[in-house]
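The values are calculated or read from the model by the stated rules, or taken from the named source; none is laboratory data. All figures in this text were calculated on a predicted structure; none of them were measured in a lab. Here Cβ is always computed from backbone atoms with ideal geometry, including for glycine, and neighbour counts include all displayed protein chains.
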Amino acid sequence: MSADRARPSDGRESPAPGVAASLRAAQISPSKLGPARHARLMNSERQLYFWILRRFATSGRPSCAETREAAQRLGLDAGRALETFAREDLVHFDRSSEIAVAYPFSGAPTPFRLRLSGGRERYACCATDALGIAPMVGEPVEITSSCHHCGEPLKFAATPHGVGLDAEGVMVWFGKRGDEGCKAFDSL
């Protein structure tokens with residue numbers, strides 16, 4: 001992920017009409033999109049958050065110790081910064097205080113496996129997150145999963161500009177799974 005991609009914008013971009021309709025149907029708040037997602041962070045907290053995302057993309061999940069060291073280099077109280085990330089639903093931790101989720105990345109295997117350039121394998125928290133990683137990192141991503149209905153394997157490419165022809169017939173379903181309040185980090 002380049003430093004240019006990690007800069008917040010003025011937040012005035014709006015999603016395409018079809019994307020906006022899908023987000024409304026999935027009841028995803030505009031506060032969860034793009035620069036609005038991290039707008040309430042102080043600059044140094046934002047730098048740490050982007051460091052975590054870059055680290056996931058380039059080297060894999062950072063350890064708790066590495067994250068705390070990065071926070072110290074930025075002059076942050078690591079505990080407070082990480083509490084802020086959890087409150088803002090950006091980064092969540094497992095029982096051993098390691099990063100479980102740094103949306104869109106999962107620190108543990110999920111049904112949404114990604115292969116980035118150089119063969120780097122990562123996991124996304126959900127199908128929507130998997131589709132968003134290519135534009136986020138600015139490179140093509142191969143997505144592997146399976147159909148939730150029939151179990152058939154799915155494998156296709158996404159680029160920073162969209163999915164390829166190999167995704168024909170693949171559909172992402174937006175909806176709720178009942179009242180169980182399922183979040184990726186709850187199961188880790």
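Values for this structure:
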item: Members of the range 69-94 found to be surrounded by fewer than 18 Cβ atoms within 10 Å (Cβ to Cβ) and free of Cβ contacts under 8 Å to residues at least 40 places away in the same chain, listed by number; result: E69, Q72, R73, L74, G75, D77, A78, G79, R80, E83, A86, R87
item: The range 98-122, subset closer than 22 Å to E88 by Cα and out of contact with any strand residue (DSSP E or B) (no Cβ under 7 Å at 6 or more places or on another chain), residue surrounded by the most Cβ atoms within 10 Å (Cβ to Cβ); result: Y103
item: The range 42-65, subset touching a Ser or Thr at 6+ places or on another chain (Cβ under 7 Å) and under 22 Å from A124 (Cβ atoms), residue modelled with the lowest pLDDT; result: C64
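Conditions tested, residue by residue: (1) surrounded by 14 or more Cβ atoms within 10 Å (Cβ to Cβ); (2) among the small types (G, A, S); (3) modelled with pLDDT under 80.
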| residue | (1), (2), (3) |
| --- | --- |
| A124 | yes, yes, no |
| P160 | yes, no, no |
| V163 | yes, no, yes |
| A167 | yes, yes, yes |
| S187 | no, yes, yes |
